[in-house]
Amino acid sequence: MAEARPIRSDLGWSTADRIVVRGRSLSDEILGRMSLGQFAFLEITGRTPTPQEAVVFDAMVISLVEHGLTPSALAARLTYAGAPESLQGAVAAGVSGLGTVIAGTMEGAARMLVEALAGRSDGEELDALAIATVSSYRDSGRLIPGIGHPIHTPVDPRAVKLFAIAEEQGLAGEYVRLMQLIGAAAARTTGKVLPVNVTGAIGAICCELGLDWRIVRGIAVMARSIGLVAHIAEEIESPIAWEIWRRSEEEAAAQARKGEQGE
């Protein structure tokens, strides 16, 4: 019988008078010394970010905190209206909707870039790789992650700014360039305006930071959780969830009656 593996986590441990996170004393080396962004980077990667990485990481998280009455914000508000005793449940309802259509597409963009560069032929230029990547996605009927936006056209200002910050901080390498070229190639191929959106920019920059593409969606989860708490705070002060429910119910019922009457 194989020996059982020891249960171990290197993230943190504590005693009666000490808490250690990633090998550092929480009280003596972290509290009052690190920003939330720096600490999040440490917690995820196991190392303290460079000043340049900290600037870029903070910008990525901040860019996704708030975007109005999105589906995730509505889900959180409506859940809170039905269960005000469970703020955490309302936030969980909101972040559960971060997927392949909204916010979570940064994971798809990061995976696309990692796989494209890993399969790159010797001497293959990034331009050619971008065209091949777009062709592969289109031929298989897959949506290209990280490009296009229903509101922010012809450019997503968040993506433009994030790319600029990454460039200023010396963190705009081949992943960022390839993402930009994929956006341009997709626009040429389809004849549509398809700007790189904020999730495409974050996916590329996360790759530059060395983050595993499988956890990149976590940036959206962290950021949007802050925004959802703010939405619930506003819901408490100025409720709209019940009005949204009432009007949706009334309109749906009215349309159903019209259907029965053949209108």
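Looking across V229, V160, V198, V216, one residue alone is out of contact with any Asp or Glu (no Cβ under 8 Å at 6 or more places or on another chain), closer than 30 Å to G89 by Cβ and modelled with pLDDT of 95 or more. It is V229.
The residue that is farthest from E43 (Cα to Cα), among those in the stretch 205-228 that are in a helix (DSSP H, G or I) and not hydrophobic (A, V, I, L, M, F, W, C), is G227.
Can you find a residue that is loosely packed, with under 13 Cβ neighbours inside 10 Å and of a type in the set (A, V, I, L, M, F, W, C) anywhere in the stretch 63-80? Yes, the conditions are met somewhere in the stretch 63-80.
The residues of the stretch 153-162 that are in a loop (DSSP other than H, G, I, E, B), of a type outside the set (A, V, I, L, M, F, W, C) and surrounded by fewer than 16 Cβ atoms within 10 Å (Cβ to Cβ), listed by number, are T153, P154.
Only one residue in V55, V20 is assigned to a strand (DSSP E or B) and more than 24 Å from S238 (Cβ to Cβ), so which one is that? Break it down into steps so the answer makes sense when it comes.
Numbers: V55 fails: assigned to a strand (DSSP E or B).
Unique residue meeting the criteria: V20.
Evaluation of G200 against the conditions (1) surrounded by fewer than 21 Cβ atoms within 10 Å (Cβ to Cβ); (2) in contact (Cβ under 8 Å) with a residue 60 or more places away in the chain; (3) farther than 30 Å from A81 by Cα shows that the sole unmet condition is (1). Across the stretch 81-111, the number of residues qualifying as small (G, A, S), crowded, with 22+ Cβ neighbours inside 10 Å and in a helix (DSSP H, G or I) comes to 5.
In the stretch 186-204, which residues are over 17 Å from the mean Cα position of the chain (by Cα), within 21 Å of E107 (Cβ to Cβ) and part of a helix (DSSP H, G or I)? Answer for the stretch 186-204, where residues must be over 17 Å from the mean Cα position of the chain (by Cα), within 21 Å of E107 (Cβ to Cβ) and part of a helix (DSSP H, G or I): just A186.
The values are calculated or read from the model by the stated rules, or taken from the named source; none is laboratory data. Everything numeric in this text was worked out from a predicted model, so none of it was measured. All Cβ positions, glycine included, derive from the backbone under ideal geometry; neighbour counts span all protein chains shown.
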